[in-house]
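Visitor: Structure incoming, see below.
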Amino acid sequence: MEGDHLWYEAAHVVGITNALNVAADGLAALPAVTALLPPVAEGRAGDPAGAIFARGDVPPVFRLLARDPFYAADVWAATRRAFGDNRLARRFKEALAFAVSLTSRSEWGTGFHLAEMKRLGVGDGGVMEVIGVTQMFSSYTKIADTLQLEPDMGDIAPVDDSPAPGGSPR
């Protein structure tokens, strides 16, 4: 695990981004789309979701998740942990979340994380760099999948049999 902190932090961002995208796109958190479940108004959010609404500018997905205030609070806490400054900067995390959203074709996530990147000072050149890298890796992955290629990186990255953090040895 030593030296892998950045990878685990990035994986946490990827995981929570996918979770938010599934909820937002599945429940229709986009302004132009009628939500499958109506969002919860600020005054109607029960504890502990009330703390989320106290923040003010709550992303629409949390207004939908607040129908179950305990679940919304758990997702909110996980999101704050994933996107808080740790070893990876917030701008990097938003760029990663933007790439994940592009790859998974999440309309909500793409728009949300693009806006966050812009808010954090990422210019058009930075946005296009993320799009270019995402497109390149997505293309290579699609080609490899289509050709049913087997990974050939065994000599470069041998199997690591050490347990994952919190896991048991194999």
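The values are calculated or read from the model by the stated rules, or taken from the named source; none is laboratory data. Every value quoted in this text rests on a predicted model; they were computed, and no experiment measured them. When we count neighbours, we look across all protein chains shown, and the Cβ atoms used for this are built from the backbone with ideal geometry, even at glycine. Calculation scope for accessible area: heavy atoms of the full protein, side chains included, ligands and nucleic acids excluded. Shrake-Rupley method; radii C 1.70, N 1.55, O 1.52, S 1.80 Å.
Visitor: Students often check this: by mean Cβ neighbours within 10 Å, which of 92-105, 116-129 ranks highest, and how do the rest follow? Walk me through the numbers on the way to the answer.
Guide: Numbers: 92-105: 20.9, 116-129: 13.1.
Highest mean packing first, the order is 92-105, 116-129.
Visitor: Turning to a different aspect of this structure: Leaving ligands, DNA and RNA out of it, report the carbon-plus-sulfur percent of the accessible area of the stretch 4-149 at a 1.4 Å probe.
Guide: 60 percent
Visitor: Sequence-distant or interchain residues sharing an amide H contact under 5 Å with V58, placed H: which?
Guide: Correct list: empty.
Visitor: For the stretch 103-108, take each phi angle, set θ = phi - 60°, evaluate the Karplus expression 6.51 cos²θ - 1.76 cosθ + 1.60, and give the result in whole Hz per residue in order, putting x for glycine and proline.
Guide: So the J values, rounded to whole Hz, are 4, 8, 6, 7, 5, 5.
Visitor: Further question on the same structure: Going by average Cβ density within 10 Å per residue, which order do the peptides 59-67, 6-14, 19-27 take, highest to lowest?
Guide: Working: 59-67: 22.0, 6-14: 15.3, 19-27: 19.7.
Peptide ranking by packing, descending: 59-67, 19-27, 6-14.
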